[in-house]
Amino acid sequence: MPVNDDILRVAHERIAAAAAAVDAVSESIDDTFVGIASLILGCRGKLFIGGSGTSGTVARRMAHILSVTGTPSIAFSPMDSLHGASGRSPHTMSSCSSRRAAPRTR
């Protein structure tokens with residue numbers, strides 16, 4: 001059955017691509033990762049994670065994962081926090097992310 005073969009081929013390709021991406025990330029982990037993890041683990045208040053656009057989607061996902069694993073976290077939009085009433089206290093920590101687009105070549 002060619003349809004089933006195509007489905008299996010595509011599934012194998014997608015899984016192989018995801019595995020290669022995870023492997024590439026694992027190779028880039030260094031002391032910076034340890035420093036950030038230490039800051040997060042030492043946070044005594046809430047962790048505010050912000051981003052706009054795609055980075056905002058990642059921030060919301062990170063805040064959810066951290067919250068359900070025991071680190072109180074809130075995702076926020078940097079534009080919404082300009083007025084200064086984000087609910088921060090002396091023990092909170094903020095993290096903002098940005099995805100810089102690669103230059104286009106023609």
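Any read-out appearing in this document is the output of simple, stated calculations on the displayed coordinates, not a laboratory observation. No experiment lies behind these values; they were computed from the predicted model shown. Please note: Cβ atoms are built from the backbone with ideal geometry, for glycine as well, and neighbour counts cover all protein chains shown.
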Subject >> Which of Val34, Val3 has the fewest Cβ neighbours within 10 Å, and the rest in rising order >> reply: Val3, Val34
Original post:
Looking at the stretch 19-67, which trypsin sites (Lys or Arg not before Pro) are DSSP coil and have at most 16 other C-beta atoms within 10 Å of their C-beta?
Top reply: Arg44
Subject >> Simple label model, 7 Å out from Cα along Cβ direction - Ile7 to Arg61, nm >> reply: 2.5 nm
